[in-house]
Each structure stands twice: as C-alpha cells, then as structure tokens.
Amino acid sequence: MDPLTASEIAALVGGQLEGEPGRLLSRVRDLREAGPEDVAFFSIHPGLGGRGPGLAERADFAACKAGLLLIESAADAAGRTCVRVKSPSLAATILARHFCGLPPRNEPSAIPPRGPVRIHPQALVEEGATLGAACVIGPGCVVRSGAAIGAGAVLSERVSVGKGSIVGERTQLGPGVVIYAGVHLGARCMVHANVVIGAPGFGYAWDGKRHLAMPQVGGVQIGNEVEIGAGSCVDAGTFRPTVIGDGSILDNMVQVGHNAQIGRAVVLCGQVGVSGGAKLGDGVIVGGQAGITGHVSIGAGAVVGGSATVGNDIKPGASVQGMPAVDIGLYRRMQATLRRLTRQSRAAASDDSSGG
Amino acid sequence: MDPLTASEIAALVGGQLEGEPGRLLSRVRDLREAGPEDVAFFSIHPGLGGRGPGLAERADFAACKAGLLLIESAADAAGRTCVRVKSPSLAATILARHFCGLPPRNEPSAIPPRGPVRIHPQALVEEGATLGAACVIGPGCVVRSGAAIGAGAVLSERVSVGKGSIVGERTQLGPGVVIYAGVHLGARCMVHANVVIGAPGFGYAWDGKRHLAMPQVGGVQIGNEVEIGAGSCVDAGTFRPTVIGDGSILDNMVQVGHNAQIGRAVVLCGQVGVSGGAKLGDGVIVGGQAGITGHVSIGAGAVVGGSATVGNDIKPGASVQGMPAVDIGLYRRMQATLRRLTRQSRAAASDDSSGG
Amino acid sequence: MDPLTASEIAALVGGQLEGEPGRLLSRVRDLREAGPEDVAFFSIHPGLGGRGPGLAERADFAACKAGLLLIESAADAAGRTCVRVKSPSLAATILARHFCGLPPRNEPSAIPPRGPVRIHPQALVEEGATLGAACVIGPGCVVRSGAAIGAGAVLSERVSVGKGSIVGERTQLGPGVVIYAGVHLGARCMVHANVVIGAPGFGYAWDGKRHLAMPQVGGVQIGNEVEIGAGSCVDAGTFRPTVIGDGSILDNMVQVGHNAQIGRAVVLCGQVGVSGGAKLGDGVIVGGQAGITGHVSIGAGAVVGGSATVGNDIKPGASVQGMPAVDIGLYRRMQATLRRLTRQSRAAASDDSSGG
C-alpha cells in the first residue's frame, strides 16, 4: 500500500494530530523497532488482563523512534509527532489493516476453473453437492452430497464438508479443516487449519457393562464473521444444535462441547474448554485455559480470568477468577489472606523454635 | 425409523408405563422443544458432576409438552403419560439409538470397489499392506507396508496408517487421523477427525548441550470399542506399549503420554492430560481439563474432578478435586475455610479502621 | 543393530563396569521386563518432577533380571553386572539410540524420483517453489510459490508449506502438518502430525460493534533441532516474528501465542499454553498444562510446575508452582497452612457441637 501522511492517518483513525502533518508513514511496527517511516502505538490504560504497561514498555515508549505515535490524550508525547485517540490499539488495527490489505485468501494458485467455480482435479465433490459462484475447492478436499458451499467461499486444501452441511458466502476454511454432517457455518467466517466442527458430542449412558453412546444429531449452528483458531473443536449437539453467535472469536485449541450456546462477539482465548450445555451471553470474554463446567450460564459481558474454573452461574458483567471461580476481588483477597496466614504461621513456628 | 407406541417404548427400555399405552412417539427431544410426538427425559438425581436439575430445568420439566416422559419413580409426572425407569438418561439413550439408527459410516460415497474392498484412486496403499474384506480406504489415505486393516474397517479420507500398525475389524477412522507405526487398534473403535496415535513419546535426557531424544519404540495398544475424540493424541511408549483398555471413551483434545496404562471403560473428558507412565484403573472418570502427573496410579472407579491436578496416587473409588487434588470433602472444607478466614480478615480490618 | 559387550557399553556411555565384561546385550528394556540380554536403568535421584523412585520401582529394581544395569555410583547392584554412570537415563538414551538407530524417516516408500528430488504425483508444488537436493514431497502435499524446502527435508504426506516459508535441511514434517506463509523453520527439526505453524495470532481491537482483527504479518522464526509434538500450534507474530530457539522441545498440543519469544533448549510439556508476547529464557522447563500469561518474562533456567498459572515475571533459575504461580517453597507452605487451618476449623466446630 502507498504511504499516508500524518494528517491522513489522523483522519483515518479519527484522532487529533500533534506535530508534522506532512510526515509520510508506511507501516505499523513495534515500539522497539519502529523507525522514521513507521507508526507505533502505546496505551497507558490497562487492557483486558488488567495489566497496564510495565517499566520496560514505558522505557521502550520513551526511546521509541517512530515517525508517528498513536497515543491516548493523557500520554506524554515528549514533543514527538503523534495522533491522540481514545484507543491506540484500535487506531493501530485500523491503520495496519489499511497498510496490509485484507488477509490473503489461502488457496493454492494452481486451481483450474470448472464453469463458474474452481475445483482442483484432486478434489472429490460428490453428486448432489451445491457449489456457489466463484467458490474454490482446493486439492484433497471432499465435499459430500447435500453439502452447499456458498459463493466466494474458499476451501484451501484437504478440507472435508459433510452431508448436508452449509458453508456461508466468502467463508474461508484452512488446510485440514473437517466439517462433519449437519453443520451450518455462516458467511465471512475464517476457520483455521485442522479445526473440527460437528463431531459427535461426548454423551454416554452406562448400561451396566459399557458406555452406550447417545446419538448426537443436533448439528452445529455458527453465525456470520466468526473466527475459529487452529486445532479447535466444536461438537455437534445432541438433539438441538450447538450454537456460536455472530462475530465471536475463538483462539487456537478451544473445545466447545455439545449443546453449548455461545452468544455474539464472545472471546474464547487459547485452550479454553466450554463443557456441554453451557451458555455464554453476548460479549463474554474467557481467558486462556479457563474451563466452563457443563450447564452453567455466564451472563453477557462477564469476564472469566485465564485458567479459571467456572462451576456456577456468573452474573452479567461480573469478573471472576480462581478455581472454583469467584468474584475477582474476593479471589484476590483469598489469595492475600492465605499468604498472610502462611507468613504468620511461619513466624509463629519460628517463635516456637527460638523460644524452645 | 417407524414410530413406537408408549407401551412398546416401556418394553424396550424396561420401564413401567403410566398413561396412554397407544400413544405414538417418533423421536427423543429436549424438554423445552418436545411436542406430542416426542419423548423427553428428566432426572431428579444428580449426575456425575454432582449437580441435580436446577430451577430452570425443573420449570422446563413442569412445562414440558412431550407426548411421553422418561422419569424416575420418585418424579411427579403431574398426570402426563410417562415411563418410569431407574435411569432416564440410559432409557433415552436406548430409545434415541432405536430412532436414529447406528451412527452413519463416514466414508465418501464415491469409492469404487477393487476386488473385495473399496479403495479410492487417490489413496496410496503400499505393497505389503493387508486389507480385510469389505474395508474402505478413502481418498488421500496412505496405508504403509506391513499395516493390516481389518474387515469392514473404514478409513474415511486422508487417514494415515503406519508400518506394521493394525486397525481392528469395523473400526472407523475419521478424516485426518494419523496412526504412526507400531499401533494396535482393536475392533469396533471410533476415532474422530485429526486424532494422532503413536507419535513418539516425550522422553529426553540432557547431555550437557542438548535434549537427546530417547527412542520410543513401544508402540500403542488400544482395546476394542474404544472411542477417541477429535484432535486427541496418544503417544507411543518407550520400550513397552502405551495401553488403553476396552470400552474406554476419550473426549476431544485429550493427551495421553507415553507408557500410560489406562484400564477398561475409563472416561477422559475434554482436554484431559495423562502424563507419561500414569496408571488409571478400570472405570476411572476424569473431568475436563484435569491433569494426571506422570507415574501416579489412580485406583479403579475413582473420580477426578474437572480441572483437578493429580500429583499423588488415588485410592480405588475415591473422589478428588483441586490442585493438588485431595479428597473432594477435604477440598470443599479447604475452600470454605479459606472463604471464612478471608471474611474474618476483612471484618477485622474493618473493625480496625472503624476503631481507629 | 549388533549386540554389544558390557565393556563396550561401559566405553560407549562413559561409565565404570562391575561384573562380566564379555556379557552380550542387545537392547534397552524396562526394569520389569528386562532379561539376560537386556540392559535396564535405575536412578535413585529424583528427576525433574522432584519424585525419586517409589517403593514399587525399588522393588522392581531389586527383582530385575537384566543382564546389565545402568546405575549411579551410590546404588546397590547386589552383585549384578552393572555400569555406574552419573546419569542412568542419559546412558540409557545413548545406548537405546545405538541399538534402535536413528528415528526412521516417515515418508511413504512409493514416491518416485523427479530429477534430484522425490515428488509424489499427488503432491502439488507450485511454480516458484524451491526444492533442495534429495528432499521428499509426499502425497497430498501442497508447496506454495516462494516456499523453499531444504536439502534432505521430508514432507511425509498431506503437508502444506505456505508462500515464502522456509523448511530447513533435513527437517521432517509429519502427516497433516500445516505451515502458513512467513515461517522460517530451521534445520534438522522434527515436527509431528497435525502441527500448525504460522496461523495468524489472536489479536483484535473492539471497534464498538465487532472485534476487528489486527493483521498478523510477523511470521514465525524457529531455530535448528527443534521438536514440536503432535497437534501443537505456533502462531505468527503481529509485526515481528514469534521465536523458538535452537534445540527447544515442545510436547503435544502446546499452544504458543503470537510474539512469544522462546529461548534455546526450552522444554514445554503437553498442553502448555504460552500467551502472546511472553518471553521464556534459555533452558526454561514448563510442566504439563501450565499456562503463561501474556507479556510475562521467565528467566533462564526457571522451572514452572505442571498446571501452574504464571501471571508475573519469574527470576532466572526459580522454581514456581500454583495459581497464581509463586515460589515452590511458598506454594507448599500455603497448601500446608490451608490444610492445617481446615483441620483446626473442623476440630473447633466439633468442639462446639460436643460442647453444645
């Protein structure tokens, strides 16, 4: 992409410029590496994890040689050219998207056209599958009968789509993605390599001799503009679909059990596990490796800390941490109490021994 | 499948009918969605997780419009047609299996026969591999020399089977499954997409400059009717096989380290990690995300809570929770004690400040 | 491999022989299974997990019928032929590597030569990709334009290598491995089945309506002789590469977030999660299922216990455990304190009730 002037950048991100309006900038970079043609960004407010910038990051900011800084109004630019915005990370994201263009489509280049679509000769599209205009079916893919691939969708390579499953328009499926039967995947989703959607949920009843599998025929319903990280799994529901709402984002290796109902714009960080039947309201954020027990309900906008274990319902907007997860304030007090009692206990033991 | 009458259902699940014997039912559904032709089920007893039905579920039960209810003897049917059974979930499973039929075999339909078997032209079966009658080798599969595929086994698509590995009769391997060399997989197993079995275990010795890999030549031995969820990994043993006994069920993204010895009918929920050399007796149940440290032994029938970390041997039949995992009663008392001390500590601080 | 005499073994592993120098040994086996032609090993010192041999293992050692024992100088051989070494496990590893040979290359046997390389007809190598001498491209692989495969590298089957990515000399990629664009993978690495390297990192900014993805264009830089276990994921950095240093070893299902900087000879056990931007110094060891919060720094040689959650910087050489992770000594005292207070609390309650 062509470079932008500082004043063009201020307009693009909706911020206020201080310094040289005509300075030319061509990309976004890290504080430490940014040079005169680069834009860097720095936030003084704590992010989701509750951590503001550390001493090292503050020092990097002070020493930063970027041609333009994206900062909050309260930050000290020390005379450098800057654009002041409400959210430096949002401004940097908007700007980086401008400079980098859209994320590239991931299909191999050598896929020949077959009528209005492109299908690699080493793909297997069964009779009765429907292919939307300008979709791409890469090498090693298998599209089963009754499946419907939306217009402009991309199955990069070695992707399976099961019977009757639907892939929405312009949705992209990375290498090795497996969609079982009965999955409805919305438009403009991004599904990364080796994700598995719609495998039968983990439901069994003990019959006295063995674990008898309950049929899992509910399928999966995923909204529009959902992103699913590499290696994640979303299981099929038992009688009704497992649901993920529009705009939710799942990091790598996230497990979503059968019948889970996940709202819109939910954030599930890496290695999170959502057990069967759990409900997560719109905008819930779950930190990495946290686990949600089956059938609990987490209210809209709640934040679950990384590695927390949620065993009970959580109110909307609450912030919880720990195992079992409790209000984050209580969690911190419990930790502080235990540390204090441990110190006292040691001091008492030391008194005893010195007194003996 | 054809519908069944209420009295036929009572006979099928071994329960006692109350209400209209001739009512026709055609499927099992959730309490909330079930209508006059549907069967629903409801348990008043707590399940494995120790949670009985909540208020919402009790309300759903009270309002349920199902044509037939599967319930325990102590439940109040409020005059509705019902079949009373010992385990409503088992009865529902038996009935759903009747209505839904066996889980469908997962191979693409377009695989041409080659003698007594079916092999897709885009599969690679090396010389010296043995194929049992009526087995199916889908597109993109690689079966190496010395491998033996049992009669009726299905390698759906893009499945690898390593040198000398054995896949039992009627075992089904989902898309993307990778079986390394030296794996014996029993009959009628179900292995879901992207599972990896028999990769070399994680064993190294530090030689002063680098981590030197110990050869892992023990392979894997998996019994009959084992189910392995999507994305799970079972590593090869060092000198003797990693073992999983008959009828055990593993959910998605479960990690089983080298030399682990897992008994029969064991349940490993999603994202569980079993470290190298751990032993799990028959019928052990491990909740989601729990971790089992290397070389510990968990007695038959023990239950490990979700997210627990087991660092010591567990007695047969015990129920443990926490990090480190302790008896579940002790775990709860420890949590209650810490909460009480935290409250007291706060009250004391509040007294101090009001007193000052 | 041919058998070795006990004295040849002593020379190979640099130890001191006691007993019959001419005894012939042909493999390494477990204590319990070793017979007169086998070598077994036994350590009295605790390993990384802090656990020395248990009673069962000591009994196995006492009863062991191996023709040769690899033991420490302080162990009691009870008159059996033995080689005394500083590290029995290192000696056993050296010896097993001698007997087993190098780990076998994993490509199918039936790949025809195409000039100086071997490419399976069902592989897709785009124009503009570079293939080093004697490399092997198995069936179902896709190598995109601008990718460079090093001499002697092996892409076993169904491996993708993205645009401009580099695979070092003699590196082996197992079935189903996906390398996105912008990845530099060093020489002699071993990457196991279904690993994903270089998928876009999990970075978003909320724009008031949706999570807007930050472009992740930094790629991944992986050193030489790195081993990555099955199903693991290493994400691309945002503006600069995610880094893994020479000789580091990752077990199965490890997640490494964007911008993480992992040093040399680091050990990440199964299911570990390293969040975005975390720094791990050389030789750090992280136990299974542990989680490292974003942007923390772990000093060289530190040890993080299994299932620990690291939320703050850790000093070099420290050993931490718990959630949140603290010094291991403090962790143990905290646990002991809580158990003691729980017992006292119960005794007090019991006094109260008996007194009432």
Those residues of segment A:109-132 which are over 23 Å from C:Gly128 (Cβ atoms), more than 10 Å from chain B (Cβ to nearest Cβ) and surrounded by 17 or more Cβ atoms within 10 Å (Cβ to Cβ) amount to A:Val117, A:Ala129, A:Leu131, A:Gly132
With the structure loaded, tell me whether C:Gly231 is surrounded by fewer than 24 Cβ atoms within 10 Å (Cβ to Cβ), part of a loop (DSSP other than H, G, I, E, B) and not hydrophobic (A, V, I, L, M, F, W, C) or whether it fails that test. no
What is the one condition in (1) free of Cβ contacts under 8 Å to residues at least 60 places away in the same chain; (2) surrounded by fewer than 18 Cβ atoms within 10 Å (Cβ to Cβ) that C:Pro103 does not satisfy? (1)
Could you check how many residues of segment A:137-168 are among the charged types (D, E, K, R) and closer than 18 Å to A:His184 by Cβ? 2
Filter segment C:289-310 for residues that are of a type in the set (S, T, N, Q) and surrounded by fewer than 24 Cβ atoms within 10 Å (Cβ to Cβ) and give the result. C:Ser297
Being under 29 Å from B:Gln289 (Cβ atoms), touching a residue at least 12 places away in the same chain (Cβ under 8 Å) and touching a strand residue (DSSP E or B) at 6+ places or on another chain (Cβ under 9 Å): is that true of B:Ser43 here? yes
Screening B:Ala75, B:Ala66, B:Ala34 for residues that are in contact (Cβ under 8 Å) with a residue 12 or more places away in the chain, in contact with a helix residue (DSSP H, G or I) (Cβ under 9 Å, 6 or more places away or on another chain) and surrounded by 15 or more Cβ atoms within 10 Å (Cβ to Cβ) leaves only B:Ala75
Tell me whether segment C:67-79 contains one or more residues that are modelled with pLDDT under 95 and among the polar types (S, T, N, Q). yes
Considering residues that are assigned to a loop (DSSP other than H, G, I, E, B) and either under 21 Å from C:Gly208 (Cβ atoms) or in contact (Cβ under 8 Å) with a residue 60 or more places away in the chain (or both), the number found within segment A:270-321 is 13
Counting only residues that are in contact with a helix residue (DSSP H, G or I) (Cβ under 7 Å, 6 or more places away or on another chain) and facing chain B (nearest Cβ under 10 Å), segment A:311-323 contains a total of 1
Under 6 Å between Cβ atoms, at least 6 apart or on separate chains: pull out the pairs that start in segment B:133-154 with a residue that is more than 18 Å from B:Asn106 (Cβ to Cβ) and away from chain C (no Cβ under 14 Å) and end on any residue that is outside any loop (DSSP other than H, G, I, E, B) and not aliphatic (A, V, I, L, M). B:Ala148/B:Thr130
What do you reckon, is B:Arg29 touching a residue at least 24 places away in the same chain (Cβ under 8 Å) and touching a Phe, Trp or Tyr at 6+ places or on another chain (Cβ under 6 Å)? yes
Those strands (runs of 3 or more DSSP E) completely within segment B:16-94 that have 3 or more residues that are farther than 30 Å from B:Ile328 by Cβ are B:16-18, B:38-42, B:82-84
Run down B:Pro241, B:Pro175 and say which single residue is surrounded by fewer than 24 Cβ atoms within 10 Å (Cβ to Cβ), under 23 Å from the mean Cα position of the chain (by Cα) and within 12 Å of chain C (Cβ to nearest Cβ). B:Pro241
Top-ranked residue in segment B:155-170 [being surrounded by fewer than 24 Cβ atoms within 10 Å (Cβ to Cβ) and on the phi > 0 side of the Ramachandran plot; ranked as nearest to the other protein chains (Cβ to nearest Cβ)]: B:Gly164
Of the criteria (1) within 30 Å of B:Val159 (Cα to Cα); (2) touching a residue at least 24 places away in the same chain (Cβ under 8 Å), which one B:Arg118 fails: (2)
Filtering segment B:15-48 down to residues that are more than 11 Å from every other protein chain (Cβ to nearest Cβ) and under 26 Å from the mean Cα position of the chain (by Cα) yields B:Phe42, B:Ile44, B:His45, B:Pro46
Taking segment C:207-228 as the region of interest, how many residues are over 30 Å from A:Gly245 (Cα atoms), part of a loop (DSSP other than H, G, I, E, B) and of a type in the set (A, V, I, L, M, F, W, C)? 1
A:Ala308: passes all of (1) at pLDDT below 95; (2) farther than 21 Å from B:Arg346 by Cα but (1)
Just give me the residues in segment B:146-175 being of a type in the set (Gly, Ala, Ser) and touching a Gly at 6+ places or on another chain (Cβ under 6 Å), in sequence order. B:Gly146, B:Gly150, B:Ala151, B:Ser156, B:Gly164, B:Gly168
Is it true that some residue in segment A:268-275 is within 30 Å of B:His98 (Cα to Cα) and more than 8 Å from chain B (Cβ to nearest Cβ)? yes
Quick check on A:Asp327: is it acidic (Asp, Glu) and touching a residue at least 12 places away in the same chain (Cβ under 8 Å)? no
I'd like to check which strands (runs of 3 or more DSSP E) are fully inside segment C:100-206 and have at least 1 residues that are closer than 23 Å to C:Gly218 by Cβ. C:183-185, C:196-200, C:204-206
Kindly provide the set of residues from segment B:79-95 that are hydroxyl-bearing (Ser, Thr, Tyr) and over 13 Å from B:Cys64 (Cβ atoms), ordered by number. B:Ser87, B:Ser89, B:Thr93
Considering only segment C:199-210, I want to know if a residue exists there that is at pLDDT 95 or above, away from chain A (no Cβ under 12 Å) and buried (at least 22 other Cβ atoms within 10 Å of the Cβ). no
Given the criteria within 14 Å of chain C (Cβ to nearest Cβ), modelled with pLDDT of 95 or more and over 22 Å from B:Gly138 (Cα atoms), does A:Ile94 qualify? yes
Which listed residue is out of contact with any strand residue (DSSP E or B) (no Cβ under 6 Å at 6 or more places or on another chain) and within 27 Å of A:Pro53 (Cα to Cα), from C:Ala300, C:Ala325, C:Ala308: C:Ala300
Condition met for A:Val191 (in contact with a Pro (Cβ under 7 Å, 6 or more places away or on another chain) and under 20 Å from C:Asn194 (Cα atoms)): no
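The values are calculated or read from the model by the stated rules, or taken from the named source; none is laboratory data. Keep in mind it's a predicted model, so treat the numbers as computed, not measured. Please note: Cβ atoms are built from the backbone with ideal geometry, for glycine as well, and neighbour counts cover all protein chains shown.
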